[in-house]
Amino acid sequence: MRTELLECSSDAAVATQHTNRCQTSSDTSLMMSGNSKDESILIDEEMLQEALAELCFEDEVQSNIWKEKLQFSEADTLSLVCKGIVKIGCLWEFTSLTKLELNNNCIKKIEGLNSLVNLTWLNLSFNGIEKIEGLDSLRKLEVLNLFTNRISVIENMDTLENLTLFSIADNLVEQLEQVIYLRKFKKLHTLNLYGNPICKEDNYKLLIAAYFPDLSYLDYRLLDNKTKQEASVRYLFETEQQADKAKKSEEAELQLHKDAFVEFLNGPSLFQTVIKDDPQSMKELHQLSDSDEFEVKVKACSRGIDTLFDSLMALEMQLVVQLEDIIQIFDQNISDMTANFTETAKVLFAQCRDLENEYDEKVRGIAVETLKKVEDGTLDDDMPEDIAMMFEDKESVMEALTTCHNNRLSKINDRENQLIARISAWRVDLVKGIQDKEMHRNRARILEMFTYVDYLRDQLLDFQ
């Protein structure tokens with residue numbers, strides 16, 4: 001318990017270090033992607049191999065030699081910190097994993113953890129997670145760190161019966177009812193809520209101590225017996241009333257579902273009922289006495305895996321074709337839109353040229369009249385002498401007017417050409433970005449298919 005507390009309290013100590021260390025990585029990732037969200041860093045086999053190699057061997061040369069020999073299914077610890085990861089995936093083979101560190105990344109959704117049934121430690125701090133989900137299979141989980149995310153509701157943790165340490169500091173939890181949800185975890189002894197809006201509540205510490213009498217540590221500090229006793233005396237009636245209210249609320253919700261004939265369908269009950277006999281079926285498969293019958297079943301499963309792979313590939317190819325058609329239609333629509341914009345721009349710039357020509361003609365008319373007055377000696381006396389001297393050379397005046405006119409037309413033409421070139425380049429870059437994103441998605445999906453099918457085949461081999 002002391003070790004777990006030290007690990008939990010280190011959240012605040014390493015927060016600044018991790019944030020500064022990963023900020024550069026995040027900024028670099030954005031620069032490499034052109035300040036775009038099109039390119040996403042995903043977990044792949046190479047990243048996993050390198051992570052395991054770093055854990056096993058500090059020497060880089062030795063790591064490169066051995067990383068190909070590392071078995072995902074044998075790993076018990078995996079650290080993917082500060083990798084710029086946006087999505088959890090490719091972890092099917094890590095069935096022996098007990099500790100997983102995914103902190104300081106860009107993850108927004110908890111997913112892809114269903115195979116990690118032996119996990120006892122999960123660190124998802126310093127990400128962009130907004131909802132607690134995807135934890136149903138982690139029944140052995142003891143330590144869950146969600147420090148510094150965007151979570152406002154504590155939910156979807158019913159199966160975590162072994163949870164002893166839970167850190168959700170620096171999130172957006174506002175209501176006491178959300179925290180009371182954690183009362184169901186009888187083994188919970190360390191809770192970190194520091195930095196949430198709820199911490200601003202009056203007598204926050206006493207309220208938590210009252211609702212969690214078995215809690216040993218709150219927000220990195222020991223809850224002493226004096227505090228617990230004071231909380232119990234002050235909020236005894238409120239805690240009992242809240243517990244009774246929660247029980248009645250559950251009963252009312254259950255009755256509502258029964259009246260609608262959908263009781264126990266809003267949680268994992270149906271799924272658990274469906275699969276509860278699976279372990280016995282697998283046991284029977286091991287105990288088959290007829291080797292021929294066993295071989296037939298294994299071959300049938302193998303064919304099923306092949307069929308699944310073919311079906312997945314067929315669906316992916318169908319999706320690729322459909323997306324290509326959609327991108328072509330989008331490209332045509334964007335081309336039509338930019339063509340209309342270009343034509344409109346050309347009309348407006350033509351009007352600008354007409355206005356410039358009209359302006360030039362008027363200026364030339366004024367200049368010719370002024371030249372005649374200078375020649376006839378009838379020039380107004382109020383014209384400055386230096387200006388009057390300029391009009392003594394007719395050829396120079398007309399040449400200057402022509403030069404100014406040509407310069408103004410040149411600027412109008414250059415601006416028109418620049419606008420048309422930029423809108424054309426924007427269209428090309430937009431379509432190419434969409435095509436590149438689709439290609440990246442397709443490659444990632446195919447890699448997932450191969451990895452998943454390999455995982456299924458390995459599972460089948462374990463029964464032989």
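The values are calculated or read from the model by the stated rules, or taken from the named source; none is laboratory data. The structure displayed is predicted, hence computed values, not measured ones. As a convention, Cβ positions derive from the backbone with ideal geometry for all residues, glycine included, and neighbour counts pool all protein chains shown. Side chains are part of the model used for accessible areas, which takes the heavy atoms of the whole protein and leaves out ligands, DNA and RNA. Shrake-Rupley method; radii C 1.70, N 1.55, O 1.52, S 1.80 Å.
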Residues of region 314-328 satisfying the condition of being more than 12 Å from Arg445 (Cβ to Cβ) and open to solvent by less than 80 Å² (accessible area, probe 1.4 Å) = Ala314, Val321, Asp325, Ile327
Only one of (1) touching a residue at least 40 places away in the same chain (Cβ under 8 Å); (2) over 30 Å from Thr338 (Cα atoms); (3) basic (Lys, Arg) is not met by Lys437, so which one is it?
-> (2)
Within region 432-464, track down each residue that is under 30 Å from Ser335 (Cα atoms), open to solvent by 40 Å² or more (accessible area, probe 1.4 Å) and among the aliphatic types (A, V, I, L, M).
-> Ile434, Met439
Mind counting the residues in region 336-368 that are hydroxyl-bearing (Ser, Thr, Tyr) and closer than 18 Å to Thr403 by Cα?
-> 1
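Kindly check whether there is at least one residue in region 199-206 that is modelled with pLDDT under 75, in contact with a helix residue (DSSP H, G or I) (Cβ under 6 Å, 6 or more places away or on another chain) and either surrounded by 15 or more Cβ atoms within 10 Å (Cβ to Cβ) or within 15 Å of Tyr181 (Cα to Cα) (or both).
First, pick out the residues of region 199-206 that are modelled with pLDDT under 75: none.
Checked against the condition, which is being modelled with pLDDT under 75, in contact with a helix residue (DSSP H, G or I) (Cβ under 6 Å, 6 or more places away or on another chain) and either surrounded by 15 or more Cβ atoms within 10 Å (Cβ to Cβ) or within 15 Å of Tyr181 (Cα to Cα) (or both), region 199-206 yields no hits at all.
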Matching entry among Glu174, Glu111, Glu101, Glu133 (being of a type in the set (Asp, Glu) and touching a helix residue (DSSP H, G or I) at 6+ places or on another chain (Cβ under 7 Å)) = Glu174
Pick from Ser424, Ser410: which is in a helix (DSSP H, G or I) and in contact (Cβ under 8 Å) with a residue 24 or more places away in the chain?
-> Ser424
When both residues are 6+ apart or on different chains and their Cβ atoms are under 9 Å apart, which pairs have a first residue that lies in region 204-222 and is on the phi > 0 side of the Ramachandran plot, and a second that is among the polar types (S, T, N, Q) and open to solvent by 20 Å² or more (accessible area, probe 1.4 Å)?
-> Tyr220/Ser9
